[in-house]
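The values are calculated or read from the model by the stated rules, or taken from the named source; none is laboratory data. Please read all numbers here as calculations on a predicted model, not as lab measurements. Virtual Cβ from ideal backbone geometry, glycine too; neighbours counted across all protein chains shown.
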């Protein structure tokens with residue numbers, strides 16, 4: 001089950017390293033729908049604003065750096081980490097924004113192992129996520145793109161991710177390998 005979201009953006013619970021490895025959906029060249037998770041938030045009606053929470057796993061064996069991207073929204077509760085160490089297990093960073101619930105919203109996040117040459121001698125992943133109400137229910141889609149000459153594998157963890165169809169609250173767990 002997904003961890004509850006709070007202003008503190010706590011890490012998802014209940015996922016072992018083996019479960020994360022089995023759940024990782026990687027490097028597709030098309031948008032993937034984020035699973036619908038009714039009840040992800042406690043709200044029963046659409047609020048004016050909602051949370052978008054992001055969790056990051058880094059399996060590269062190197063530190064990854066934010067390549068100049070930032071979350072947008074009504075407010076930024078926790079900004080994107082500037083750098084994240086590699087860890088063979090679990091999530092190493094998180095970020096959270098408050099966005100308008102009824103407005104289609106997009107975020108673009110890029111991490112790389114080499115800020116000096118992110119599209120050459122590096123592993124670089126760009127994640128693009130969008131949320132919008134379609135036929136009365138909120139949906140989210142993610143596209144992830146691998147760049148750099150060192151063979152990055154980019155993806156997300158569907159079992160640790162979800163969007164509330166009523167409130168549009170988003171929890172998204174992504175990784176770079």
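If you go through segment 1-24 and keep only what is in contact with a helix residue (DSSP H, G or I) (Cβ under 8 Å, 6 or more places away or on another chain), under 14 Å from residue 162 (Cβ atoms) and either at pLDDT below 55 or surrounded by fewer than 17 Cβ atoms within 10 Å (Cβ to Cβ) (or both), you end up with 2, 15. I'm trying to understand the selection: among the residues of segment 33-58, which are over 13 Å from the mean Cα position of the chain (by Cα) and assigned to a strand (DSSP E or B)? Once the filter is applied, which keeps residues that are over 13 Å from the mean Cα position of the chain (by Cα) and assigned to a strand (DSSP E or B), segment 33-58 yields 36, 49, 50. Taking each residue of segment 77-93 that is without any contact (Cβ under 8 Å) to a residue 24 or more places away in the chain and looking for partners that are surrounded by fewer than 18 Cβ atoms within 10 Å (Cβ to Cβ) with beta-carbon atoms closer than 7 Å, six or more apart or interchain, yields 79/70; 83/63.
Might you check whether a residue that is in contact with a helix residue (DSSP H, G or I) (Cβ under 7 Å, 6 or more places away or on another chain), within 13 Å of residue 56 (Cα to Cα) and touching a residue at least 60 places away in the same chain (Cβ under 8 Å) occurs anywhere in segment 149-157? For segment 149-157, residues in contact with a helix residue (DSSP H, G or I) (Cβ under 7 Å, 6 or more places away or on another chain), within 13 Å of residue 56 (Cα to Cα) and touching a residue at least 60 places away in the same chain (Cβ under 8 Å): present.
Only one residue in 108, 77, 129 is over 20 Å from residue 30 (Cα atoms), part of a strand (DSSP E or B) and out of contact with any helix residue (DSSP H, G or I) (no Cβ under 8 Å at 6 or more places or on another chain). Which one?
Just a single option satisfies the conditions, and that option is 77.
Annotation for segment 91-98: no member residue is modelled with pLDDT under 95, in contact with a helix residue (DSSP H, G or I) (Cβ under 6 Å, 6 or more places away or on another chain), closer than 30 Å to residue 46 by Cα and surrounded by 16 or more Cβ atoms within 10 Å (Cβ to Cβ).
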